[in-house]
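One structure is given here, and the rest of the page talks about it.
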Amino acid sequence: MPGVLHPGPPWSREELRVLDQHVKLVLTGKMPSPRQVVESCLPELERIRKEARSGHVRTWEATYRALLLRIPPRFRQRYRRPPSWTPAEMRIVNRYAQAVADGKYAGAGEAADACVPLLAELRRRSEGPQPCAPVRRSRTSTYGRIRVRVRELGVQAAWSHASPVEKRVVLEWTERYWRTRDVKPPWYIMDLADLMRTELKHKGFDRDAGFCERALARRIRLTRREHVAGT
């Protein structure tokens with residue numbers, strides 16, 4: 001059935017060894033999150049597949065979910081659902097939002113690129129030594145926070161309406177969200193938005209991660225009542 005995620009064949013011992021190597025990069029702080037190591041993990045899994053002459057290709061989403069499951073449970077939650085933004089983090093966000101409003105940055109995206117390293121340093125100092133890598137605010141979430149504050153300051157970003165093709169893609173991924181909402185571990189809007197962004201690029205639409213997350217979140221919110229009532 002389209003949109004339903006199938007687990008595929010069991011992971012081999014060699015594949016699990018590759019997954020564990022990449023999980024170690026995350027836990028030691030060499031990579032910020034499981035999402036960041038998927039791209040480096042896939043070529044090694046492809047090599048193993050070819051050597052074993054297997055006809056099943058490990059997809060990005062299947063690899064990401066497998067990496068999550070290899071992380072010890074006491075650390076897993078921090079990579080699936082970041083903690084609430086602290087007042088200290090929001091002071092930094094507000095400073096960069098004001099810089100956008102003052103014209104020091106071309107937009108929220110450019111400000112987010114400069115803001116992310118400061119947020120990472122702040123969290124590293126506040127958390128101190130940790131048994132695994134500290135939580136890092138992603139560029140996407142930082143962009144979203146700055147953009148909200150910029151709009152509250154009265155600066156309206158340029159906006160081009162989505163085309164019929166883009167709206168259809170958003171609807172399709174919204175349906176996939178509802179069909180897979182009971183999958184364990186659960187899928188989050190950020191993950192599906194990444195996949196939706198890739199599909200849009202294949203169709204010739206270069207939308208950023210913020211657009212995809214907002215469009216998907218809005219459509220999910222609008223369809224929540226009918227899907228919850230139908231369960």
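The values are calculated or read from the model by the stated rules, or taken from the named source; none is laboratory data. Please read all numbers here as calculations on a predicted model, not as lab measurements. Glycine gets a Cβ as well: all are built from the backbone with ideal geometry, and neighbour counts include every protein chain shown.
Okay, residues lined up against (1) at pLDDT 85 or above; (2) surrounded by fewer than 15 Cβ atoms within 10 Å (Cβ to Cβ); (3) closer than 15 Å to L222 by Cβ; (4) not hydrophobic (A, V, I, L, M, F, W, C):
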site: L171; (1), (2), (3), (4): yes, yes, yes, no
site: R176; (1), (2), (3), (4): yes, no, no, yes
site: V183; (1), (2), (3), (4): no, yes, no, no
site: L200; (1), (2), (3), (4): yes, no, no, no
site: G204; (1), (2), (3), (4): yes, yes, no, yes
Any idea which residue in region 83-115 is modelled with the lowest pLDDT, counting only those that are small (G, A, S) and within 27 Å of P34 (Cα to Cα)? S84
Identify, from the list E127, E121, the residue that is at pLDDT below 80, of a type outside the set (K, R) and under 25 Å from F75 (Cα atoms). E127
Got a sec? Which helices (runs of 4 or more DSSP H) wholly within region 1-82 have at least 3 residues that are at pLDDT 80 or above and buried (at least 16 other Cβ atoms within 10 Å of the Cβ)? 13-27, 34-52, 60-70
